[in-house]
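Asks: Handing you a structure now.
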């Protein structure tokens, strides 16, 4: 679904969720004599569906419960005489108890009820057990709808290893009810989830469901705000998704003077998924906005510093996001295991960040960069899992160890020597892989199917491109198609199992015999691909590149290149300089297609300057 349809769908859902209500009343809460109530809970108890409660700015007690009512709570008011104000109302449990609880375990025939919380600070929830942490949202999907607008959920904790979701817990109580539809939790762009800590899963946000919510496009929708500084003793430092399907995360925004305005940033987990963790058939989608990419940065975990997804049926989709500067023992950026799937894609032209006026604006692009791990700097994957990186830039990732646990600065795909399940599938297409550091660029061991298609690989500080292993009875296959490869040593194998490297429609710097390939089809070796300016990381093709119009459509072709040009454009510029084995059709090799007008402009500009 493209972003325009998704935006239109979301707007439609919000309209559908608006149900007629009876005449509404306004109740005021505060210490002044002209306020209706002295406590928020007293006002909530007295209110009817559709009422609005206005709270004066400042401290407002330890917390509140909204059970089975449709209400709007607006904090930060200057006084009880008017609706004006720009501050916050703070609920603080002082480290013991649950701050805010919103409940509606509705039957399907009951009405939808919306609870809107605005200009509030939820802080100081603590201790252990059910009544601990920041906020609990519990009820029937499509009947309970909660919106957080300019709400800060900060400095809450849960201390037992079975206590999940220190900041916010979302728990479904039954299958999604039929229409009218409504997103169970929406968090707006101005809200903040920060510095929450749990001994369990989901330091910032935790969503758990064992129910059928397939009728919902989204169960949880998080805007561009900041999820930062949260900790989980187990998994999911920033966000943990346990069985919830339809969790959408749009976190991202400018970084001003090293302080991010949005993103999933600087969270930690003792286990998996420093930024995001998905398990038990859950699904999460990282979404961009037209003006900026989503950002998952600076997170740490034992496995999957940025994102970890595990278990059959679990799915993470990453659209136009920067997964950058994350750290882990394995899978600095991404960790995929045990039958899970992860798709990382480019949804619009990749644009460089804009730097100026003391800030960095990450424009939409699909980037795995500067992640670090012992093994699998950008990606660690294993089990009967599937990973598809399309239109993605992998750069500057580092695998710090060269021993049996290390290697694979871009990809480490490994299974045990006795692994007996379906092969692990890793597909990388329309990608640019450069500037990565480690003992090997790709490491594949035991029941691995690694495919590179329409990909450019150059200028990596890795002695070996493909480090392969296969134990007795195991098979490891590496297939490279319609790509450009440059490296030092192309292949290093170990083990007595079946290992194969095939090159089809490939242009490389190694002579055919030096590639170590078992199969060579339409391979041109020892040839300069003639990039526009590789020293400045411009890997587009010059007009005289032998990679232009090199191959036919024998391989599955991505729709777009990194500039979002259509693939398979017939060259209509100056006469080509075909490689010895090229000239087979209109498909250019590598990450970039080369429309003559664009290449002439780029190439000409370079020398004009």
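The values are calculated or read from the model by the stated rules, or taken from the named source; none is laboratory data. The shown structure was predicted, so the numbers you read here are calculated from the model rather than taken from an experiment. Note that we place each Cβ from the backbone using ideal geometry, even for glycine, and neighbour counts take in every protein chain shown.
Asks: With the structure loaded, tell me whether residue 134 is buried (at least 24 other Cβ atoms within 10 Å of the Cβ), modelled with pLDDT of 95 or more and over 16 Å from residue 184 (Cβ atoms) or whether it fails that test.
Replies: Details: buried (at least 24 other Cβ atoms within 10 Å of the Cβ): yes; modelled with pLDDT of 95 or more: yes; over 16 Å from residue 184 (Cβ atoms): yes.
Spelling it out, residue 134 is indeed buried (at least 24 other Cβ atoms within 10 Å of the Cβ), modelled with pLDDT of 95 or more and over 16 Å from residue 184 (Cβ atoms).
Asks: Still on this structure, please answer the following. Across the range 554-567, what is the total count of residues that are surrounded by 17 or more Cβ atoms within 10 Å (Cβ to Cβ) and either at pLDDT below 85 or in contact with a strand residue (DSSP E or B) (Cβ under 7 Å, 6 or more places away or on another chain) (or both)?
Replies: 6
Asks: Another question about this same structure. Residue 388: surrounded by fewer than 23 Cβ atoms within 10 Å (Cβ to Cβ) and out of contact with any helix residue (DSSP H, G or I) (no Cβ under 8 Å at 6 or more places or on another chain), yes or no?
Replies: Criteria met by residue 388.
Asks: Report yes if residue 13 is modelled with pLDDT under 95, surrounded by 14 or more Cβ atoms within 10 Å (Cβ to Cβ) and under 30 Å from residue 317 (Cβ atoms), otherwise no.
Replies: For residue 13, the condition - modelled with pLDDT under 95, surrounded by 14 or more Cβ atoms within 10 Å (Cβ to Cβ) and under 30 Å from residue 317 (Cβ atoms) - is met.
Asks: What do you reckon, is residue 302 more than 17 Å from the chain's Cα centre (by Cα), at negative phi, touching a residue at least 12 places away in the same chain (Cβ under 8 Å) and outside any loop (DSSP other than H, G, I, E, B)? Walk me through it before giving the result.
Replies: Details: more than 17 Å from the chain's Cα centre (by Cα): yes; at negative phi: yes; touching a residue at least 12 places away in the same chain (Cβ under 8 Å): yes; outside any loop (DSSP other than H, G, I, E, B): yes.
Yes.
Every residue, every condition in (1) at pLDDT 85 or above; (2) closer than 16 Å to residue 484 by Cα; (3) surrounded by fewer than 20 Cβ atoms within 10 Å (Cβ to Cβ); (4) in contact with a strand residue (DSSP E or B) (Cβ under 6 Å, 6 or more places away or on another chain), yes or no:
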| site | (1), (2), (3), (4) |
| --- | --- |
| 528 | yes, yes, yes, no |
| 533 | yes, yes, yes, no |
| 549 | yes, yes, no, no |
| 552 | yes, yes, yes, no |
| 579 | yes, yes, no, yes |
| 583 | yes, yes, yes, no |
| 588 | yes, yes, no, no |
| 605 | no, no, yes, no |
| 608 | no, no, yes, no |
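Asks: Now, a different point. On the basis of being more than 18 Å from residue 335 (Cβ to Cβ), touching a strand residue (DSSP E or B) at 6+ places or on another chain (Cβ under 8 Å) and part of a strand (DSSP E or B), does residue 295 make the cut?
Replies: yes
Asks: Assigned to a loop (DSSP other than H, G, I, E, B), surrounded by 24 or more Cβ atoms within 10 Å (Cβ to Cβ) and at pLDDT 95 or above: does that describe residue 142? Steps first, please.
Replies: Details: assigned to a loop (DSSP other than H, G, I, E, B): yes; surrounded by 24 or more Cβ atoms within 10 Å (Cβ to Cβ): yes; at pLDDT 95 or above: yes.
Against the criterion (assigned to a loop (DSSP other than H, G, I, E, B), surrounded by 24 or more Cβ atoms within 10 Å (Cβ to Cβ) and at pLDDT 95 or above), residue 142 qualifies.
Asks: A further question on this structure: One residue is enough: does the range 432-442 have a residue meeting the conditions touching a strand residue (DSSP E or B) at 6+ places or on another chain (Cβ under 8 Å) and within 18 Å of residue 511 (Cα to Cα)?
Replies: Among the residues of the range 432-442, not one is touching a strand residue (DSSP E or B) at 6+ places or on another chain (Cβ under 8 Å) and within 18 Å of residue 511 (Cα to Cα), which makes the answer no.
Asks: Looking at the range 356-412, what strands (runs of 3 or more DSSP E) fall wholly within it and have at least 2 residues that are in contact with a strand residue (DSSP E or B) (Cβ under 6 Å, 6 or more places away or on another chain), within 20 Å of residue 250 (Cα to Cα) and without any contact (Cβ under 8 Å) to a residue 24 or more places away in the chain?
Replies: Hits in the range 356-412: none.
Asks: Please go through (1) touching a strand residue (DSSP E or B) at 6+ places or on another chain (Cβ under 7 Å); (2) within 28 Å of residue 281 (Cβ to Cβ); (3) at pLDDT 95 or above for residue 346 and return the number of the only condition it doesn't satisfy.
Replies: Of everything listed in (1) touching a strand residue (DSSP E or B) at 6+ places or on another chain (Cβ under 7 Å); (2) within 28 Å of residue 281 (Cβ to Cβ); (3) at pLDDT 95 or above, residue 346 misses just condition (3).
Asks: Let me ask something else. Can you tell me how many residues within the range 316-342 are at positive phi and either surrounded by fewer than 24 Cβ atoms within 10 Å (Cβ to Cβ) or modelled with pLDDT under 95 (or both)?
Replies: From the range 316-342, those at positive phi are 320, 325, 331, 338-339; that's our starting set.
From what's left, either surrounded by fewer than 24 Cβ atoms within 10 Å (Cβ to Cβ) or modelled with pLDDT under 95 (or both): 320, 325, 338-339.
Number of matching residues: 4.
Asks: From the list 29, 19, which one is modelled with pLDDT under 95 and surrounded by 15 or more Cβ atoms within 10 Å (Cβ to Cβ)?
Replies: Numbers: 29 fails: modelled with pLDDT under 95.
When all the criteria are applied, what remains is 19.
Asks: Residues being surrounded by fewer than 24 Cβ atoms within 10 Å (Cβ to Cβ) and in a strand (DSSP E or B): count how many of those fall in the range 433-474.
Replies: Residues meeting the conditions: 9.
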